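Everything below concerns the one structure shown next.
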Amino acid sequence: MTDQTITSVSREHRVFRPSAEFKAQANLGSESTYKRLYSESVNSPEKFWDRMAKEHLVWRKPYKKVLNWKPPHAEWFVGGKLNVAENCLDRHLGTARENKAALIFEGEPGDVRTITYKQLHFHVCRLAQIFQNMGIGKGDRVAIYMPMIPEAVMAMLACARVGAIHTVIFGGFSPEALKDRINDCQAKLVITADGGWRRGKVIELKANVDRAVEGTPSVHTMMVVKRCGNPVTMVEGRDVWWREAWEGAPNYHEAKAFDAEHPLFILYTSGSTGKPKGVLHTSAGYLLGCKMTSQYVFDLKENDRYFCSADIGWITGHSYVVYGLLSNGATIFMYEGAPNQPEPDRFWQMIDRHGITILYTAPTAIRAFMRWGDNFVLRHRLDSLRLLGSVGEPINPEAWMWYHKMIGKKRCPIVDTWWQTETGGIMISPLPGVTPTKPGSATKPFFGVAAKVVDDQGKEVPRNTGGKLVLTQPWPSMLRTLWGDDDRFKRQYFSEFPKHPDYYFTGDGARQDEDGYFWIVGRIDDVLNVSGHRIGTAEVESALVSHPAVAEAAAVGRPDELKGQALVVFVSLKAGHTASDELKEALRNHVGKEIGSLAKPDTIRFAAALPKTRSGKIMRRILKDIAAGATVKGDTSTLEDFSVVASLQSEE
Ligand code: WTA
């Protein structure tokens, strides 16, 4: 990491104070309340979390101890028992929320479904029974590869209800990527759909699963939702239609209680080595984190209609479509398709049509909306909106200002929320009505979040100096380990600072300004953030070298106006292969096949050789400069052969 990159983040001095109107109705209306609670949460965490766990969760059996922290392993609410699905559904039955909409769904073709809490509970109970009949229960892994349709939410909650561990795999991943993930966690059941709608076309999900399960001996059952009606092949004895499985299934299900630390889900995410990491989250702590952050960061009110545009295949969809919102009894709006189908004003149309009050989306989407033009926005009133959120990557001040003016009409507070798959829930974010915001800053830590910017030794750096972002205390919704690889968990997150084995390293660079506000710069490890999706450079490289023409490959990020980062790969070819546009296309498709189209390189550059150190390590820092079209900076003395760099630069 270079300090240069970190301090070069634009200095932004505009401050937006909460309006008196918003403040008056906010769930946490004053800065002094935030300060008092925050200070308690980090100084007496056990006392604080004990109170919160009692206030926010429904327990079947009380816990004996709030925290057992043996770095890097944490156990929260030791000895307590609860059922996560009950906490999301049953608790609302018999209250005024029973007949409230839990989900309002709009499909890409325009079909709309509304499902109340009572109805969602009914579906989830029936599905839980079906799982039990299939022999799926406590601790079994279930893979979910589905479009954004209500059945996906039902599937997740039914897993939680029977104590099965779900692993949702984003529908954009290829059969190959799906196979690796299913094999890693040994899933027995896969839930999918015939297809999903995207930009007017059917994404053939079932066909992808068919290809994946050719190599996954653990899978014995596949449940298929009929969504698009595209033709599929059903394998006798293995595949069952969702509808048919429902016939005759009892719709009453007595839920068991599970340990607070019972695994809830595994979510695969990219890391700095080739193999994706199975981030493991458990029950009570995770749910508490999601529930509280939803309530305070989104200032949830009984009448809100909340729209998070993330797919459930990502952590944002887990925490802020499903668990955090349903546990609060909120109404979630769920959209299946693309934001520009049929026209680039689809979101704004839906906001007006359904009276959506809160919108949570990603900077990359905001930048696309900006590019599509204001006219698409100005056709709509957007007067139901009262709060806006951003997640997934740093939001540039221009995009923030556009969001504020065009979408929020200068009326809606913006919460720029920093967090990660590993943190389970939002960690750094303004609290609306409380925290004055600065465009581009995620502002202040949430309760219980001990965030610091430190140097390479783990020592806190002075204000306005760049450094590594660490979390120095455990928090309830933190990941517990990596599935099947506890050593990697330790190495990856808790070994950056040998003197501080209890510091969690985020992989992000940041600085704190004079007011203590956090400015996140982005990843400083070998992970890229392309359109808000995490992509490991090593994954892309190993996909490339598995192509017969490729000798060596290096993947780096290049700043991109729309995507945040674009993926640039440098490839050297094996003897007998020649560089050509056809080969470029073949390599792009190869990466698409190995990982998924989200990882297809934006630019492929052929190189006679890659710049390396004398010990043979590829010098990515140099490639990054070349990819960005900048002159190669910094120390090149360890470079084995400078002519490699000279020839790469002269090609531009
Ligand atoms: C980046 C998504 C700046 C960051 C919830 C982090 C952000 C990675 C922000 C995690 C933000 C996420 N400002 N950067 N508001 N939110 N990031 O696991 O680099 O998909 O480490 O989780 O996204 O990505 P992940």
| field | All positions within region 436-450 that are small (G, A, S), crowded, with 23+ Cβ neighbours inside 10 Å and on the phi < 0 side of the Ramachandran plot | value | S441, A442
| Under 9 Å by Cβ, and 6 or more places apart or on different chains, what pairs join a residue from region 297-319 that is over 20 Å from A85 (Cβ atoms) and hydroxyl-bearing (S, T, Y) with one that is more than 16 Å from the ligand (Cβ to nearest atom) and in a helix (DSSP H, G or I)? | S309/F347
| Odd one out for I356, checked against (1) under 21 Å from M156 (Cα atoms); (2) in contact with a Lys or Arg (Cβ under 6 Å, 6 or more places away or on another chain) | (1)
| task | Could you please find all residues in region 338-349 being in contact (Cβ under 8 Å) with a residue 24 or more places away in the chain and surrounded by fewer than 22 Cβ atoms within 10 Å (Cβ to Cβ)? | result | A338, P339, N340, Q341, P342, E343, P344, D345, Q349
| note | Picking from D311, D299, the residue that is among the charged types (D, E, K, R), within 16 Å of the ligand (Cβ to nearest atom) and either at pLDDT 95 or above or within 21 Å of R386 (Cα to Cα) (or both) would be D311
| field | Candidates V434, V449, filtered to the one that is touching a residue at least 40 places away in the same chain (Cβ under 8 Å), under 23 Å from T33 (Cβ atoms) and within 19 Å of the chain's Cα centre (by Cα) | value | V449
| Taking strands (runs of 3 or more DSSP E) that fall entirely within region 221-274, which contain at least 2 residues that are crowded, with 20+ Cβ neighbours inside 10 Å? | 221-225, 263-269
| query | Could you say which residue among E108, E86 is within 30 Å of D194 (Cβ to Cβ) and either surrounded by 15 or more Cβ atoms within 10 Å (Cβ to Cβ) or among the aliphatic types (A, V, I, L, M) (or both)? | reply | E108
| note | Over region 372-404, the set of residues assigned to a helix (DSSP H, G or I) and over 18 Å from P344 (Cα atoms) is P397, E398, W400, M401, H404
| task | Answer with yes or no whether N87 is within 24 Å of A260 (Cβ to Cβ), under 28 Å from the mean Cα position of the chain (by Cα), part of a helix (DSSP H, G or I) and polar (S, T, N, Q). | result | yes
| said: Condition first: more than 10 Å from the ligand (Cβ to nearest atom), within 23 Å of W314 (Cβ to Cβ) and crowded, with 20+ Cβ neighbours inside 10 Å. Now tell me which residues in region 386-404 satisfy that. | reply: L387, L388, A399, W400, Y403
| message | Between L587, L598, which is under 30 Å from N208 (Cβ atoms), in contact with a His (Cβ under 8 Å, 6 or more places away or on another chain) and surrounded by 21 or more Cβ atoms within 10 Å (Cβ to Cβ)? | response | L587
| message | Here's a check for you: in region 526-538, which residue that is in a loop (DSSP other than H, G, I, E, B) and more than 9 Å from the ligand (Cβ to nearest atom) is nearest to A362 (Cα to Cα)? | response | S531
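The values are calculated or read from the model by the stated rules, or taken from the named source; none is laboratory data. Quantities reported herein were computed from a predicted structural model and do not represent experimental measurements. So basically every Cβ, Gly included, is an ideal-geometry build from the backbone, and we count neighbours across all protein chains shown.
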